[in-house]
1. Obtain the nm distance between the two label points defined at residue 118 and residue 179 by a simple spin-label model: each point lies 7 Å from its Cα along the Cα-to-C-beta direction.
2. Answer rounded, prolate or oblate for region 4-117, using the Cα gyration tensor with square roots of eigenvalues a ≥ b ≥ c: rounded when a/c is under 1.5, else prolate when a/b is larger than b/c, else oblate.
3. Sticking to Cα atoms, compute the Rg of region 129-217 to one decimal and its Dmax as the biggest Cα-Cα distance, whole number, in Å.
4. For labels at residue 151 and residue 318 in the simple 7 Å Cα→Cβ model, what's the distance in nm?
5. Suppose R0 equals 25 Å; then what is the FRET efficiency for residue 81 and residue 171 from their Cβ-Cβ distance, rounded to the nearest 0.05?
6. Using the C-alpha gyration tensor of region 12-71, what are the square roots of 5 times its eigenvalues, in whole angstrom, with the largest one first?
7. Could you identify which residue out of 317, 184, 238 has the top mean-square fluctuation in a GNM of the chain using Cα springs shorter than 10 Å?
8. Based on the Cβ-Cβ distance from residue 344 to residue 239, what FRET efficiency comes out when R0 is 41 Å, to the nearest 0.05?
């Protein structure tokens with residue numbers, strides 16, 4: 001069936017190229033779109049004959065009384081999926097417009113096929129978004145998700161891996177990127193959608209850890225080859241469907257705590273920080289203020305460098321470009337001001353937690369940016 005909107009689009013595009021009046025008729029021969037708006041709704045007998053016979057009908061001036069509602073020109077039946085769905089009419093002297101009939105017919109049939117493909121892709125995108133949204137609910141309806149997946153000819157199998165991709169590309173390019181990511185993973189290996197904050201969510205499944213790692217590298221290489229700046233966080237493997245929401249939270253935390261550097265960040269190793277992040281806010285604030293409230297910025301920077309260097313005084317001093325004795329003096333001052341000795345593991349762990357909490361203020365606006373996709377995509 002040719003809808004009015006599709007018919008109007010066809011008339012606009014075709015008239016722009018031919019500079020001739022074009023009429024689009026439905027299966028009943030009624031004009032549903034035309035460059036001559038006064039003819040809308042008229043029954044076109046010449047077009048109806050073309051639809052009935054499946055052959056072009058040429059209308060000369062002497063034929064007009066025989067074909068009610070017709071003007072001089074040619075009317076050609078339009079086929080879609082093997083069936084006649086309407087006709088197109090080109091107004092003008094038959095000897096001038098007849099040569100355009102087959103070309104216009106092929107163009108319109110191609111446009112109808114492209115419209116169908118676009119419609120099918122839109123449906124597929126919406127179905128994928130609905131599946132992802134369902135899987136990320138606190139209490140997912142797995143039966144509903146599985147039903148949509150079956151319609152997509154997609155079956156999820158363990159192990160599952162969640163990835164969240166952040167890039168500053170425009171929405172139209174991100175839509176292309178979704179397909180490229182799925183293609184990079186291989187047929188049926190990944191489900192990708194555009195979600196909240198225009199992040200891209202990818203769920204890979206049915207993979208060993210080694211194969212998942214290879215697919216992540218393949219995706220990264222594809223992004224780098226396309227010169228797309230990106231940040232990607234990825235989860236630990238999940239074995240059950242019910243663990244998928246947690247896997248995406250892990251990917252979100254990896255993205256959040258991964259800094260601003262381009263590239264991939266694993267959630268593995270970030271669990272202590274993620275647990276601290278999810279703790280009760282007032283308790284965290286009081287804890288951090290008690291330990292760090294009296295520290296000047298220079299000592300905060302020194303403490304973070306020392307912990308980042310695995311509690312190595314030598315490496316921390318090198319990273320800060322200070323003398324080893326200066327480093328030792330600063331650590332001593334940190335102990336005096338906080339009551340916690342950064343050279344003792346238990347105290348160092350407490351100080352690291354306090355630093356994480358203090359850094360949350362900078363990350364707060366984007367803390368929830370990557371955890372759950374919107375159905376709007």
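1. 1.3 nm
2. Working: a/c = 1.45, a/b = 1.35, b/c = 1.07.
Rounded shape, in that the Cα axes give a/c under 1.5.
3. Answer for region 129-217, Rg first and Dmax second: 13.0, 35 Å.
4. 6.0 nm
5. Details: r = 31 Å, r/R0 = 1.24.
Plugging the Cβ-Cβ distance into 1/(1 + (r/R0)^6) gives 0.20.
6. Working: eigenvalues 68, 34, 30 Å².
Semi-axes, largest first: 18, 13, 12 Å.
7. 317
8. Details: r = 38 Å, r/R0 = 0.93.
That gives a FRET efficiency of 0.60.
Read-outs throughout are calculated quantities, based only on the coordinates presented, and are distinct from any laboratory measurement. Note that the coordinates shown come from a computational prediction; the quantities given were computed from them, not determined experimentally. Methodologically, a virtual Cβ is constructed for each residue, glycine included, from the backbone with ideal geometry; neighbour enumeration extends over all protein chains shown.
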